[in-house]
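Remarks on the structure that follows.
No lab work stands behind these numbers, since they all come straight from the coordinates. Here the structure is a predicted model, which means the values were calculated and not measured. Note that we place each Cβ from the backbone using ideal geometry, even for glycine, and neighbour counts take in every protein chain shown.
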Amino acid sequence: MNITRRDFTRLAAAFGAVSFFGIGCTAAEETLKEGMKMPVKVKKDKILVAYYSWSGNTKFAAETISAALGGVKLIEIKAVKPYPSGMNECCDEAEGECKGKKLREIEPTGVNVADYDAVLVGTPNWYGTMAPPVRTFLVNNLEALKGKTVCLFQTHGGGGMQRVGADFSELMSGAKVLPAKAFGGSSIRSNVEALRKFSTDRITAE
């Protein structure tokens with residue numbers, strides 16, 4: 001299949017890619033709010049890692065982060081209607097949802113988020129924001145997450161953080177938001193130490 005400039009630009013926008021054809025993005029981290037100190041001490045059984053993954057990159061990041069914190073509770077956010085496995089088809093379904101910041105129904109996670117004091121949330125960068133199932137998970141748990149310590153980690157195709165961290169912070173305005181971090185998806189499996197450092201710099205599991 002021949003990929004045209006137009007096709008590549010669309011796919012790049014969808015999955016946070018940068019470089020070819022002059023696509024420009026930023027890769028800034030969220031900054032620590034005044035008065036907040038890291039790492040935050042949290043009991044191990046009160047830490048939750050929740051993630052949505054389409055390609056497997058965010059899943060790998062979430063598993064590594066959970067392990068770095070001593071094997072804390074890990075859950076996968078799953079859409080009731082999964083996105084297609086093909087990239088173009090996935091883009092067709094996700095574009096309007098992402099740009100409109102719409103929700104996509106998710107399956108029950110089997111956990112009560114209110115039982116946890118710290119929640120780390122993983123998402124791929126889709127169209128410069130979080131994947132719709134992640135937005136749904138956060139919206140469904142807005143009350144449960146009030147006053148909790150929350151933190152975003154994100155995987156991308158080269159575009160960095162873009163608006164993902166800002167959109168997360170906006171939704172989580174009632175929580176204690178730690179600095180978000182973006183990880184390149186293509187190199188995620190060689191970034192184990194960076195993922196571990198991200199985890200332990202932010203949270204100490206007691």
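Please report the antiparallel percentage of DSSP beta bridges with both residues in segment 7-205, rounded to the nearest 5.
Antiparallel bridges: around 15 percent, rounded to the nearest 5.
What spacing in nm lies between the two simple spin-label points modelled at residue 103 and residue 80, each 7 Å away from Cα in the Cβ direction?
In this crude label model, residue 103 to residue 80 measures out at 1.1 nm.
Using 0.36 nm times the number of residues separating residue 206 and residue 43, minus their current alpha carbon distance, what extension gain do you get?
Details: separation 163, 0.36 × 163 = 58.68 nm, distance 0.46 nm.
Using 0.36 nm per residue and subtracting the Cα-Cα distance, I get 58.2 nm.
Given 0.36 nm per residue, what is the gain on full extension from residue 143 to residue 197 after removing their alpha carbon distance, in nm? Write out the running numbers ahead of the final one.
Values: separation 54, 0.36 × 54 = 19.44 nm, distance 2.94 nm.
Difference between extended and current length: 16.5 nm.
Stretch residue 186-residue 67 to full length: gain in nm at 0.36 nm per residue minus the Cα-Cα span?
40.8 nm
Roughly how far apart, in whole Å, are the Cα centres of segment 124-203 and segment 71-85?
15
In the calculated pair distance distribution of segment 7-205, what percentage of Cα-Cα distances lie above 22 Å? Show your work: numbers first, answer last.
Details: 8335 of 19701 pairs.
Tail of P(r) above 22 Å: 42 percent of Cα pairs.
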